[in-house]
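Read through the structure below, which is laid out as structure tokens, and then see the notes.
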Amino acid sequence: MARVLLIEDEASLRFTIEHGLRRAGHEVLATAEARAGWEMLESCDLLVLDWMLPDEDGVSFLRRLRRTPAYEKLPVLMLTARAAEGDRVEGLLSGADDYMVKPFSLAELQARVLALLRRTSVGGVMRRGELEIDVERARVRLSGDEVGLTRREFDLLVRLAEYPGRVYDRDTLLDDVWGGDYLGTPRTVDQHVAQLREKLGSGWIRTVRGRGYSFEVPQ
Ligand code: CA
């Protein structure tokens, strides 16, 4: 799961891609214009960029992106309408990590997005709204400020935040986070959820009565 920015001016295609990527568990920001897209880049893990846009062509957008230090490594999947120009296309797309020629299947797009995320290893940091979870360094930031969590609190948060909206029962969480040998009770999970809520604020972890807990990005 990642935060994907989609810049595509063709409304039906934008809709299809946006919803397809959401169904695959990604958070998606979508816009028809390069200018608006540039403003949305900051928090994104990957960009899906159409070549032909009304206000700036995708190739010039891509060049600008690669000249900007903050975005020079942002994974970019370019969408193009034609492949006929061969080498020229390849040349122009040299700043893109991958590209797809329209029409393409949604399944292929999803597979390529996943492959690109893996390859560029941005998967180490999960971004959920204002919350940033650096899994490799075991650090959490909320609105840019570091939040000190215990190891169990951190592991529990990672487990829940990996799939926002998915409900986990207490026994599963106990097993996954504390390990099968741990002699705790479901109350252990409740206590840690309470501690996380105290540190992060109450909106992030939802109690689903009779079922367990799920992670949510507060609106
Ligand atoms: Ca277009």
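Taking region 180-200, which residues are modelled with pLDDT under 95 and open to solvent by 30 Å² or more (accessible area, probe 1.4 Å)?
Within region 180-200, GLY180, ASP181, TYR182, LEU183, THR185, PRO186, ARG187 meet the criteria.
Go through region 70-81 residue by residue and tally those that are more than 11 Å from the ligand (Cβ to nearest atom) and open to solvent by less than 10 Å² (accessible area, probe 1.4 Å).
Keep residues of region 70-81 that are more than 11 Å from the ligand (Cβ to nearest atom), which gives 70-78.
Narrowing the set further to residues that are open to solvent by less than 10 Å² (accessible area, probe 1.4 Å) leaves 75-78.
Within region 70-81, residues that are more than 11 Å from the ligand (Cβ to nearest atom) and open to solvent by less than 10 Å² (accessible area, probe 1.4 Å) number 4.
Among the residues of region 95-129, what is the count of those that are under 18 Å from LEU29 (Cα atoms), out of contact with any strand residue (DSSP E or B) (no Cβ under 6 Å at 6 or more places or on another chain) and not in a helix (DSSP H, G or I)?
2
For region 48-69, check the following and say yes or no: at least one residue is over 19 Å from the mean Cα position of the chain (by Cα), within 16 Å of the ligand (Cβ to nearest atom) and more than 20 Å from VAL101 (Cα to Cα).
yes
Which ones in region 141-196 are farther than 19 Å from ARG211 by Cα and of a type in the set (S, T, N, Q)?
Listed by number, the residues that qualify are SER143, THR150, GLN195.
Collect the residues in region 1-44 that are away from the ligand (no atom under 16 Å from the Cβ), within 20 Å of GLY124 (Cβ to Cβ) and not in a helix (DSSP H, G or I), keeping them in residue-number order.
The answer is MET1, ALA2, ARG3, VAL4, ALA24, GLY25, HIS26, GLU27, CYS44.
Look through ALA115, ALA138 and report the one residue that is among the hydrophobic types (A, V, I, L, M, F, W, C) and open to solvent by 50 Å² or more (accessible area, probe 1.4 Å). Full working, then the answer.
Working: ALA115 fails: open to solvent by 50 Å² or more (accessible area, probe 1.4 Å).
Being among the hydrophobic types (A, V, I, L, M, F, W, C) and open to solvent by 50 Å² or more (accessible area, probe 1.4 Å) holds for just one of ALA115, ALA138, which is ALA138.
Name the pairs whose Cβ atoms lie under 7 Å apart, with the first residue in region 1-22 and without any contact (Cβ under 8 Å) to a residue 12 or more places away in the chain, the second away from the ligand (no atom under 12 Å from the Cβ), and 6 or more positions between them or separate chains?
What qualifies is ARG22/VAL28.
Filter region 8-37 down to the residues that are within 17 Å of the chain's Cα centre (by Cα) and more than 28 Å from ARG166 (Cα to Cα) and list them by number. Spell out how you get there, then give the answer.
First, the residues of region 8-37 that are within 17 Å of the chain's Cα centre (by Cα): 17-31, 37.
Listed by number, the list holds a single entry, GLY37.
Name the residue, out of SER214, SER202, that is within 24 Å of the chain's Cα centre (by Cα) and in a strand (DSSP E or B).
Numbers: SER202 fails: in a strand (DSSP E or B).
One residue alone meets the criteria, SER214.
The values are calculated or read from the model by the stated rules, or taken from the named source; none is laboratory data. In this text the structure is predicted, and so the values were computed from the model without any measurement. Note that we place each Cβ from the backbone using ideal geometry, even for glycine, and neighbour counts take in every protein chain shown. In case anyone asks, the SASA skips ligands and DNA or RNA and just uses the protein heavy atoms, side chains included. Shrake-Rupley method; radii C 1.70, N 1.55, O 1.52, S 1.80 Å.
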